[in-house]
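Chemist: Input: one structure, supplied below.
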Amino acid sequence: METVVVSIGGSILAPEAIDPEFVMKIAKMLKSASKKFKVYAVVGGGKTARKYIDAGRAIGADEFTLDDMGIAATRMNARLLIAALGESANPVPPEDVNDAAVLGKKYEIVVMGGTVPGHTTDAVAASLAEKVGAKRFINATSIDGVYTADPKKDKNAKKIETLTHKELMEIVSKNGMGAGVNSVIDPVAALILFRSKLETLVVNGYELKELESAVMGKKFKGSIIKS
Ligand code: UTP
């Protein structure tokens, strides 16, 4: 059975208010995908992480501590998705990639959050994809692909439907790296994907049909990164 790794942005699973119905829909989609693929899902911290990171930074906490708060939020969101998946998934999010790979021998779907400070769950998901030899890496995020600039800030930003790993690295390296920084994909993840030449699909996670198509390897609306 082939393996897919999905990085589910926290902004998808846990925006301002969490929509339990949407969480159930994502779980249903992952369950159906798991009939054809071994599925690993790495969940981001979303608004919860951002709130704690912003408050912590205002208090004067260091970046390492802020990252640790973010990680706690990702694991809480992972628990929510696990609750929605029931018996199909591991009961507790593993704290590192090796443990996740081991859980993959036992469960149809493995769900985890962050690991250590210094990167985001995109990077965790990219490392996990390397570790488990994934066929493809899907980044379910809040925008519908890779743009030449942040489309939320720059109205001249253009969507790129197909790009190389090197081009992706050039685009994401323009963003900052502090705790809670938002970009289509974290630069650390982009570097991991580049070195392994992992096929990467960027899709708007709110559009469940598109996300499902990307997970299943069908035609979808978004961007494809390959070299
Ligand atoms: P996210 O993975 O959610 O990052 O982790 P993000 O890019 O800010 O947000 P979305 O979900 O894609 O919108 C939240 C924060 O937790 C810390 C980082 O500070 C990150 O910004 N984190 C997360 C880590 O330090 N290590 C991890 O392995 C994961």
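The values are calculated or read from the model by the stated rules, or taken from the named source; none is laboratory data. Please read these numbers as outputs of a predicted model, since none were measured by experiment. Heads up, the Cβs are rebuilt from the backbone with ideal geometry, glycines too, and the neighbour counts pull from every protein chain shown.
Chemist: Which of the following residues is farther than 13 Å from Thr115 by Cβ, more than 13 Å from the ligand (Cβ to nearest atom) and part of a helix (DSSP H, G or I): Ala58, Ala49?
Modeler: The unique qualifying residue is Ala58.
Chemist: If you don't mind, there's one more thing I want to ask. On the basis of being at pLDDT 95 or above and not in a loop (DSSP other than H, G, I, E, B), does Val203 make the cut?
Modeler: Yes; evaluated as a whole, the condition is true for this residue.
Chemist: For region 88-108, name all the residues that are farther than 15 Å from Ala125 by Cβ, touching a strand residue (DSSP E or B) at 6+ places or on another chain (Cβ under 9 Å) and assigned to a loop (DSSP other than H, G, I, E, B).
Modeler: Once the filter is applied, which keeps residues that are farther than 15 Å from Ala125 by Cβ, touching a strand residue (DSSP E or B) at 6+ places or on another chain (Cβ under 9 Å) and assigned to a loop (DSSP other than H, G, I, E, B), region 88-108 yields Asn90, Tyr107, Glu108.
Chemist: Scan region 117-141 residue by residue and report those that are within 7 Å of the ligand (Cβ to nearest atom) and under 15 Å from the mean Cα position of the chain (by Cα).
Modeler: Those that are within 7 Å of the ligand (Cβ to nearest atom) and under 15 Å from the mean Cα position of the chain (by Cα): His119, Thr120, Thr121, Asp122, Ala123, Val124, Thr141.
Chemist: Could you tell me whether Val23 is within 17 Å of Phe137 (Cα to Cα), in contact (Cβ under 8 Å) with a residue 12 or more places away in the chain and within 15 Å of the ligand (Cβ to nearest atom)?
Modeler: It is false that Val23 is within 17 Å of Phe137 (Cα to Cα), in contact (Cβ under 8 Å) with a residue 12 or more places away in the chain and within 15 Å of the ligand (Cβ to nearest atom).
Chemist: With the requirement that a residue be buried (at least 24 other Cβ atoms within 10 Å of the Cβ) and not in a strand (DSSP E or B), what does region 35-45 give you?
Modeler: Correct list: Gly44, Gly45.
Chemist: Looking at region 109-122, which of the residues that are among the β-branched types (Val, Ile, Thr) and assigned to a loop (DSSP other than H, G, I, E, B) is modelled with the lowest pLDDT?
Modeler: Looking at residues that are among the β-branched types (Val, Ile, Thr) and assigned to a loop (DSSP other than H, G, I, E, B), I get Thr120.
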